[in-house]
Each structure stands twice: as structure tokens, then as C-alpha cells.
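Each remark here refers to the structure printed beneath this line.
What follows draws every value from the coordinates through simple rules; no lab data is involved. Being a predicted model, the structure only gives us computed values, none of them experimental. Virtual Cβ from ideal backbone geometry, glycine too; neighbours counted across all protein chains shown.
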Amino acid sequence: MPRPTRTVKEQAKVDLSKIPAHVERVNVSGLLRTHNDYVMKAAEGLFKARNFQDLMIESMNAKSYLHELGIFKDVQVRVDVSKGENASPNGYEITLKGQELSRLVGSVGTEVGQNEGSLRTELSIPNLFGRGESVSLQGSYATTRANELQLRFWKSFFHTRFVENRPEVSLSLFRHVDRMDISSFQNANLGFLTDFSINSLYPFELTHSIQYEASIRETSLLAKQVPFAIREHCGPKLASLVRYSVIYDQRDNPVFPTQGLMLKSVNEYCGLGGNVAYMSSTTHGEISVPLIAGLVAQVCGRIGVIKETKNTTVLPISSLFYCGGPLTLRGFKYGGAGPVVDGTSIGAQTHWCTGLHLWGPLPFNHVFKGLANNFRTHLFYNCGGFNSFSAENMRSAFGVGLAFKLAERARIEMNYCIPVRKYASDKPVNGFQFGIGYEFV
Amino acid sequence: MQSSQYLSQLNAFEKMSDEPWPEDAVLYQPYEAEQILLPEHASCLAVKAYLKMCQLPFEVRSCANAEYMSPGGRMTKLPFIRAGAFIVAEFEPIVNFIEHKGSAIGQWLDDDNKADMRTYVSLAENIFTMAELYISFVNKTVYEKVTAPRNGCVFPWPLNLIQNYSKRRNTLRLLKVYQWNDMTIEDVIEKVEKCCETLTLKLEESPDTPFFYSDQPCELDAIAFGHLFAIITTDLPNMALAQTVRKFKRLVEFCQFIDGKYFQMSK
């Protein structure tokens, strides 16, 4: 039955690209509630195969494509010779046997946010109408700051001819509570969000996302004694905003890159109706250059600006930028290098910070074998400031630390920090500081 | 943690009496022309009257989110004053705060009279506030024509609908706590009538003097004036409350006297 595979096994040196082959039939089995046209694209590449090597590669592509569609739990590929009356000698028949996801999928897990861990539960109904539409209900409860509940509907358009652009549309209802203990207020955000994301490929690959958000933001206080400047912001407000974010990412690894550039920019315009108006923009960049002996030099930077528009009465306190913290300006507490009102830190209208790193592997890393790949050591120097881009009220710190990679996405850092330039109102950390997150400066 | 909080509160109270009333005290309230509701207007007026009677300088500042800025209270949460570092809301806490500062009126009353006066104050405040809340939120025409548009006017659609809904729900809950929720309008009028009668009797105990207790104002004068004056001067689709109060000529005269003495003069 599987004639070609046996040939391969027996004569290992056979050049598969010289064996002519073409696909005559592609079967996708296991489709219970998925519509046929949704998986059509999987067969497209297979029919183009002219030799057996192409055929194998294309069938692997088809398998991973079917996985990406998000309808199957598991996909098996079977390659067989073509049978029947019209079968040609080099004809093959491919069967992609999938096992659809069950109607209801639940999961519980932990997630890493910016300097916090959270417990996340999710209940989803995948492939709702048979063309990759999904609904999920998600709740997350974080240790320090944010709690979230979200009902999300999304649909990807990978089955259309824009598969390369990976278009995806989503709609969600959310409730997000963000506690800012450092400023003694919390912001409860209830609203809906529509998102359209797409990749553009020329001249280089960019990931775009355009969002519209309408939400009720209610600021309330967490303590009795709160500076009046914060108290003034209390009460519910209606925000209606568009957000455009674009990412350019050519790094070789998201957590410990050895080379490559990443740029990310998030821009918001708020004030399409509602009574909150502002414009804000945040840009984050990092570039890594490999040096000798596994050492990597890295430069990171971030800039954030929030500006009044002509409808602005007051800038929302929850959208201001907090300066300092283990993920940005190490050597200071979170928000501890920013403006202060009556002894309480609040956010700034503009902020910037940069970091210079020299990353190196763990010493004696060959002793620990694979485990050591998850660790890096670094020397860093970072500086930052707020409300002006001069070096005048700049804060800076340097130090040395150990970083641990968590699941290809997040990073845990343990640093010994020595603040160099600090001001009387700051809250510096002279000593060990712990940071966990996915976007560091 | 808990005990240190109490300690700091205690310290705060001790500090309170040391510092005099600041020159830049501010009274926060909702916008008077567009936003404020009858019960809030009444309690703001009462506090203003009290501060004027004490001859303490203050500035009135209107802001749309005054209710949310308030540190909280028993009924309307409004108005609140900011005196130096202190923020105090509602009539009784403000009166207590001013007494700590030592610049309160009514100190000349003996203890018996003081306790007596306190009873009247809390009676007047409870009955009138509940009646005002009742007419504003339970009476359908008043709610739809006045309360809802005014309460929602500072919020854009659809937030105004949500805010109106939640405010009404909270108010009904409060009325339920005080067991006013399943009264009819007749019951409410009867209660107000009784309260007015009591106040008239008290006022007539000293017929020669304009105030409740002899010839000097006290808290009772401020709270009675605030509520009665707000009720008789606010136009509502249902004037049952105003009509009830107007039946008591002596109280109306008292309101006009206080208004003339403390409010018209300053204009």
C-alpha cells in the first residue's frame, strides 16, 4: 500500500525530487460541522507538486495550514497511490484526516503580564458556524493590578486568497479593572472593542491592527487620604477611540534575541463622541547586535506622549505614563521616577527611557547543558525622564542581573541595581529588583 | 495595619483643632442650574447657610463629578468641603468638623438644649431628605421630566441612561433601608406635615426671636432653612411637597428671613 515510503526506506540515497509525482485527489476527512469551502485552500499547494519531494513538503504545509485554521485538534496525513479506473501511474491520493475540536473547549492556566502573574480561565466554542468563527469567554485574575473578563468573537480569513496577510476580525465585550495602588486609584473599564488585524508584506513584513473601542471608564479611589489632584478624576466617563498599532519584528528570538530589530508603535485618538479626549502615541524599539563569544549588545528605547486635543478638558489620569519600574527604568520602584503630587506618584504626560545591555550566556553554561539556554546574564545601564526630552531631569541606574526565559514569550529578571542619578521625590531601589514581563527596555 | 489607620485618624482629628479654618476653603457641589437634584440642592443650601452663620469664608465650586469626588456619606454624599488637607462630606460631619475647629455656632446652648437641638436636626434631615428623594425618584412624572434629564445631562449618551439607572437603583435601595419605599405620596405628605408642625411648634416656643433657639442661629436653623427653602423654591411637575410646606406660614416667613439675612446681603 504505501509503496513510495517503503522505497525511501530501502534506498536511502534516492533523490526524491527526481521521482515524478502528481496529486490526483485530496480528501479531507473528519469534517463534521466545518464547511467544505473553508478547507479548500489546503489542497491548492498539493496539486502543484510535480515530484515526490514537493509532494511531501506540500502535504506538511497542508497539515500545518489545517492546524492554523483552528478547527482541528489533530491532523494526520496519509499518502497513497491513486486507485481506480482513471488512475495514472504517478498519481497519488492524499488524505488529510482531521479530528475536529469539541464543541466546547475549556482551559485554565497562568499568564505573565507586565510585572504580574495572573490566573486565566477560558471557555470557548471553536468553529461556531463551520467557517472558523469562534466565541470565547475569558476571565483573568492578576496578583497585583488588573482583572479582566472578556467575551470575544473572532473570525480569521485564512481560507480566502489573502492567506498570506493573515486577516482576522474580532469583536469583544470586556470589563477590565486596573488597580494603580501607587496612585491610590482604580480604573474600571467596561465596553466593547472591534479589531481588524492584517499583515502587509511589501516592502517588509508589518503587522497592523486597527481597533475601535467604546467604553465606560470609571475612576474610583482606593484609599481615604488621596491627593486632590487624583480625587478630581473620579467618576464615570465615556471614551470612544481608535487605536492603530503596527509592529515590525525581525528578531531571531522574542525573549533573548541575538540579532535583529523590533519596532512597535501604538497610537490612539480618543474623542469620537464621549467625553474623554486625548491623543497618545507610544513607540518601543530594540536592536540587538551579536559580538564575539556569544555576547550580544542590545539597545532598547521607549517614548510615550499624550497630548490634548481641542476637545480636551482634562487628560485622563489612567492614560498617563508611569516612569520607573523593573521593566523600564530599573533601579526605581514602579512609578517611582515620575512626577509626584503631595507625596503620591502619578503619571506623566511624556516619558522616555532607554537601556543599554550587554547580554552573555551563563558562565560554565556547558556544565548545565540545555537548561542554561534558558538563562542569560546581563550588564545594563538605563536612563529615562519625563515631561522633557533633555538630560536635565534625567534618572539613570546601572546594574547586573540574571534573566530567565519563560515559555518563549516572557522573561524573568533578577537584577542588582545601583541608581546613579535620582531626585529627592523618587523611590529608588538600591539593591535587588525583580521583574517579570514580555516587553522590557 | 488597621490600628495604625485609626491612630492616623486620631492624629488627624487632633491636628484639626490646632489649625484654624483656612482662607481658601472650597465647597463642591454639582452644577446648580442644569444638574443638581432637589435633595442635593437642599443639603448644599443647608451647609452654605451653616457656614455663613458661622461667618466662615468659603468658595463654591461646581463640578459635574462632585458626587464621585465626595468621600461618601449617609444620604446624598453632597456637598463636600475641602478645608486644607481635610475633605468632609454632608451636613452633620461638616458641622462636627467645624466644631473641632472651634468656630462653630450654637456653643452657647447648654447640654440639654444641645441634645434637644440635635434631635430636631436629625429629624428634619431624615424626613426632608427622604421626602425629597421620594418625590424625585419614586414619582414617575417628576423622575421622567426632571430627575432623569438633570442627572444625566453631564454624561453623553448612552452613559446617561446607565447613570440614571444606577442612581435610581441606589436611591430606591436607600429608601428601602429607611422603609420609605412602599409608601404612597399621601403617607409622605403626612410625614412632612408632621415634621413641619413640630418645627413650627419649636419656632413658636420663642415667638419674639427669629431663630429656633433665642436670638442666635444654630445648626437647626441651617438645616431647616436648607430643606424648606429648597422645597418651596424648586419647580417640579408635582408640587405636593411645596404646597404642604407653604401651609405653614411661620416656616415660610422664617425661610424668607434667613434668606434675606444671609444670602441676599452677600449679593
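The HN-Hα couplings worked out from phi for the range A:99-112 by the Karplus form 6.51 cos²θ - 1.76 cosθ + 1.60 (θ = phi - 60°) are 10, 5, 5, 6, 4, 10, 10, x, 8, 10, x, 10, 9, 9 Hz, whole numbers, x standing for Gly and Pro. What the Cα convex hull of the protein assembly as shown gives, in volume per residue, is 222 Å³. List the residues whose amide H sits under 5 Å from the amide H of A:Leu101, counting only those 5 or more places along or on another chain, with H placed 1.01 Å from N in the peptide plane. Result for A:Leu101 returns A:Phe72, A:Lys73. Across chain A, Cα pairs under 8 Å and at least six residues apart give a relative contact order of 9 percent.
Rounded if a/c is under 1.5, else prolate if a/b is larger than b/c, else oblate: which is chain B, with a ≥ b ≥ c the root eigenvalues of its Cα gyration tensor? Taking the square roots of the gyration eigenvalues as a ≥ b ≥ c, chain B is oblate. The calculated P(r) of the range A:3-100, using every Cα pair and 10 Å bins from 0, goes 15, 47, 29, 8, 0 in percent. Phi angles of the range A:433-441 translate, via the Karplus equation with coefficients 6.51, -1.76, 1.60 and θ = phi - 60°, into HN-Hα couplings of 9, 10, x, 9, x, 10, 9, 10, 9 Hz per residue; Gly and Pro are given as x.
Of the residues A:Ile19, A:Ile412, A:Ile71, the one that moves most in a GNM of chain A with alpha-carbon contacts below 10 Å is A:Ile19. Projecting the Cα positions of A:Pro167, A:Gln259, A:Thr344 onto the charge dipole of the range A:105-437 (unit charges on Cβ atoms of Lys, Arg, Asp and Glu, taken about the Cα centre) puts A:Thr344 furthest along the positive direction.
Working note: Cα atoms of the range A:105-437, range along each principal axis, descending, whole Å: 55, 53, 39. Relative to the Cα centre, the charge distribution of chain B, modelled as +1 at Lys and Arg Cβ and -1 at Asp and Glu Cβ, gives a dipole magnitude of about 1020 debye. Here the contact order of chain B, divided by its residue count and restricted to Cα pairs under 8 Å and six or more residues apart, works out to 23 percent.
Between helix A:52-68 and chain A there is an angle of about 40 degrees, using the helix long axis and the longest principal axis of the Cα atoms.
Charges were assigned to the Cβ only: +1 to each Lys and Arg, -1 to each Asp and Glu. The resulting dipole of chain A about its Cα centre is roughly 480 debye. Across peptide A:233-239, the mean count of Cβ atoms from other chains lying within 10 Å of each residue's own Cβ comes to 6.
Residues whose amide H falls under 5 Å from that of A:Thr258, counting only those 5 or more places apart or on a different chain, are A:Asp252, A:Asn253, with hydrogens built in the peptide plane. Backbone amide hydrogens, once placed in the peptide plane, bring A:Ala348 within less than 5 Å of A:Phe321, A:Tyr322, A:Cys323, excluding anything fewer than 5 places away on its chain. Quick one: grab the alpha carbon gyration tensor of the range A:260-401, order the square roots of its eigenvalues as a ≥ b ≥ c, and give me rounded if a/c is under 1.5, else prolate or oblate depending on whether a/b is larger than b/c. It comes out prolate by the Cα gyration axes. If each DSSP helix of 4+ residues adds -39,500 (n - 2.57) and the sum is divided by the residues in chain A, what number results at 222 nm, nearest 500 deg cm²/dmol? It comes out at -2500 deg cm²/dmol, rounded to the nearest 500.
Note on A:Lys405: lysines with a C-alpha under 17 Å away, same-chain residues under 8 apart excluded, are A:Lys369.
Once the other residues with Cβ under 12 Å from the Cβ of A:Asn393 are scored (Lys, Arg +1; Asp, Glu -1), what is the net sum? Cβ neighbours under 12 Å give a net charge of +1. Electrostatic tally near A:Arg25: other residues with Cβ closer than 10 Å to its Cβ, Lys and Arg +1, Asp and Glu -1, net -2.
P(r) tail, the range A:293-347: Cα-Cα pairs separated by more than 13 Å, 70% of all pairs. Electrostatic bookkeeping for A:Arg161 treats Lys and Arg as +1 and Asp and Glu as -1; over the other residues with beta carbon under 12 Å from its beta carbon, the sum is -1. For the range A:226-239, putting each phi into the Karplus relation 6.51 cos²θ - 1.76 cosθ + 1.60 with θ = phi - 60° gives couplings of 10, x, 4, 4, 8, 4, 4, 8, 4, x, x, 9, 9, 10 Hz, in residue order, rounded to whole numbers and with x for Gly and Pro.
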